[in-house]
Amino acid sequence: MASSKASTVGEYLEELPEDRREVISQVRDVILKNLPKGYEESMNWGMIAYEIPLDRYPDTYNKQPLLYMALAAQKNYYAVYSSGVYMDPLSQSWLKSEFEKADKKLDMGKSCIRFKKLENLPLHVIGEIAAGQPVDEFIDNFEKARKK
């Protein structure tokens, strides 16, 4: 599943095969447990999105809620997307270090962490990423990055 047309997280999870639903559900639970107040879970961009609602921050370049993290079951892998890590070279270094400490191989794109099996993903690191930036801090970092 590269992109879903589901309108709710529940619909998204239901359309996944049971084994893939279990993986996504476990990662989702970690994100939700650690996500600071002010972010909302929704379906956007064809995946589960953790965003700052437009009523809190309407000044986005694309008129969409500001995306903090996302989670998806892609065709050949799973992906956790993190705008916070993407915008910050220190966070990227930290992430690489944490994967090494956990003896896991980091497969990372610009803003995504790809994994094929749940055991390839150090869930505590995903929890730390989710908890990493309160809404106001993320907005400040976003605005600084946008000015560059």
Legend entry - Interchain or long-range residues, amide H under 5 Å from Ile48's placed H: Leu71
Legend entry - Relative contact order [Cα under 8 Å, 6+ residues apart], region 9-147, whole percent: 25
Inset, instruction - Please list the non-local residues whose amide H lies under 5 Å from the amide H of Lys104, H modeled 1.01 Å from N, same-chain partners needing a gap of 5 or more. - result: none
Inset, instruction - Can you spot the aspartates and glutamates whose alpha carbon is less than 15 Å from Lys5's alpha carbon? Ignore those fewer than 8 places along the same chain. - result: Glu14, Glu15
Inset, instruction - Distance between Cα centroids, region 77-92 to region 112-139: provide it in whole Å. - result: 8
Inset, instruction - Mind scanning Lys63/Lys117; Lys37/Lys63; Lys96/Lys116; Lys110/Lys144 and naming the pairs with a C-alpha gap bigger than 24 Å? - result: Lys63/Lys117
Inset, instruction - Tabulate in residue order the Karplus-calculated ³J(HN,Hα) for region 104-121, using 6.51 cos²θ - 1.76 cosθ + 1.60 with θ = phi - 60°, rounded to whole Hz; enter x for Gly and Pro. - result: 10, 8, 8, 10, 10, x, 4, 10, 10, 10, 9, 8, 9, 9, 4, 5, 8, 10
Legend entry - Per-peptide average of other Cβ atoms within 10 Å, ordering 127-133, 7-13 highest first: 127-133, 7-13
Legend entry - Ellipticity estimate at 222 nm from DSSP helix runs (n ≥ 4, -39,500 (n - 2.57)) divided over the chain, nearest 500: -12500 deg cm²/dmol
Legend entry - Those residues of region 4-34 whose amide nitrogen sits under 18 Å from the label point placed on Arg114, 7 Å along Cα→Cβ: 4, 24
Inset, instruction - Consider a paramagnetic label point 7 Å from the Cα of Asp55 along Cα→Cβ; state which residues of region 109-148 have an amide N under 19 Å from it. - result: 135-136
Inset, instruction - Could you go through region 143-148 in sequence order and give the Karplus-derived ³J(HN,Hα) for each residue, using 6.51 cos²θ - 1.76 cosθ + 1.60 with θ = phi - 60°, rounded to whole Hz, and x for Gly and Pro? - result: 5, 5, 5, 5, 6, 5
Inset, instruction - Sticking with the crude label model, points 7 Å out along Cα→Cβ, report the distance from Asp107 to Glu15 in nm, one decimal please. - result: 2.3
Legend entry - Derived scalar couplings ³J(HN,Hα) [region 122-139; Karplus, 6.51 cos²θ - 1.76 cosθ + 1.60; whole Hz; x for Gly, Pro]: x, 4, 5, 5, 5, x, 5, 5, 4, 6, x, 9, x, 3, 4, 5, 5, 4
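Values quoted throughout were computed directly from the atomic coordinates according to the rules given, and no laboratory measurement underlies them. In this text the structure is predicted, and so the values were computed from the model without any measurement. Note: ideal-geometry Cβ built from the backbone for every residue, glycine included; neighbour counts use all protein chains shown.
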